[in-house]
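Take a look at the structure below.
The values are calculated or read from the model by the stated rules, or taken from the named source; none is laboratory data. Everything numeric here is computed off the predicted structure, so don't read it as measured data. Cβ atoms come from the backbone with ideal geometry, glycine included; neighbour counts cover every protein chain shown.
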Amino acid sequence: MSTPQADGAERPALLYVEDDPEIAEITVEVLSEVYRVDHVADGESALQRALSRRYEAMVVDRRLPGMDGIALVQAVRTAHIATPILLLTALGSVHDRVEGLDVGANDYLVKPFDYDELLARLRALRRGFRTDGVRRDVGEWQFAPAALALFSPEGRRVALTATETALLRLLAESPDHVFSRAEISDAVFASGDSESSVDTYVHYIRRKATPEIIETVRARGYRIGDPG
């Protein structure tokens, strides 16, 4: 459902996905002070909205019927939609938060949350999205770590997760250095993660961009692809 506002046309559009009607009613009321809110209660409907309309931000509950919040975020990013996403979760463990960020959410907020913090987080996400920050050339691509994004030679924006950004930033900051898997694991991943996670995330980045963006140096590790 959509929440109409007299001056809604002047307000940025926001997609809010929450299946609890009581939480949704209060949250829509708060968000509508700033945004033109589209509220849906399931992941499938939310994905159709995201594919067919342009939003300034998305607020997604992690636990949804059918397609859950994690699957929804992943589907949105697979469709190359870079809209900032704030994930709401009642699951406070580090693993659960990291999972959400790794599939493409830009930030998370643990329930129950303060509405002033929710609005502040959204302001910060939108500021970061509007300001791509310093870009650096990586082969024929441009890398904007502050925006968690890559830009193709044609200008297409590709969203990166926080982990993908950290890995690519590490390689890009020392383009002549070959990083071993152990070095990358220590710098990018949480303690306890296996070095195989490095290969997995290199694969993710190559799949989103091009295989040449990261070079494999046999028996040694990885380095950023040759800009030439």
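Return yes when residue 120 is at pLDDT 90 or above and either crowded, with 18+ Cβ neighbours inside 10 Å or touching a helix residue (DSSP H, G or I) at 6+ places or on another chain (Cβ under 8 Å) (or both) and no when it is not. No, not satisfied.
Exactly one residue among 197, 152, 180 is farther than 26 Å from residue 79 by Cα and hydroxyl-bearing (Ser, Thr, Tyr), and that residue is 180. Tallying residues that are among the charged types (D, E, K, R) and under 16 Å from residue 77 (Cβ atoms) within the range 31-53 yields 1. When you go through 139, 192 one by one, which is the residue that is touching an Asp or Glu at 6+ places or on another chain (Cβ under 9 Å), at pLDDT below 85 and closer than 26 Å to residue 218 by Cα? The unique qualifying residue is 139. Residue 79 passes every criterion in (1) of a type in the set (Gly, Ala, Ser); (2) surrounded by fewer than 17 Cβ atoms within 10 Å (Cβ to Cβ); (3) modelled with pLDDT of 90 or more apart from (3). Across the range 175-207, the number of residues qualifying as free of Cβ contacts under 8 Å to residues at least 12 places away in the same chain and either touching a Pro at 6+ places or on another chain (Cβ under 8 Å) or of a type in the set (Ser, Thr, Tyr) (or both) comes to 4. Inspection of the range 18-36 finds a residue satisfying the criterion of being polar (S, T, N, Q) and at pLDDT 95 or above.
So which residues in the range 196-208 are exposed (fewer than 15 other Cβ atoms within 10 Å of the Cβ) and either in contact with a helix residue (DSSP H, G or I) (Cβ under 9 Å, 6 or more places away or on another chain) or of a type in the set (Phe, Trp, Tyr) (or both), if there are any at all?
Scanning the range 196-208 gives 196, 199.
Each residue in the range 139-168 was checked for being among the charged types (D, E, K, R) and crowded, with 19+ Cβ neighbours inside 10 Å, and 1 of them qualify.
Does residue 87 satisfy the condition of being within 23 Å of residue 147 (Cα to Cα) and either touching a helix residue (DSSP H, G or I) at 6+ places or on another chain (Cβ under 6 Å) or of a type in the set (Val, Ile, Thr) (or both)? Yes: the conditions hold for residue 87.
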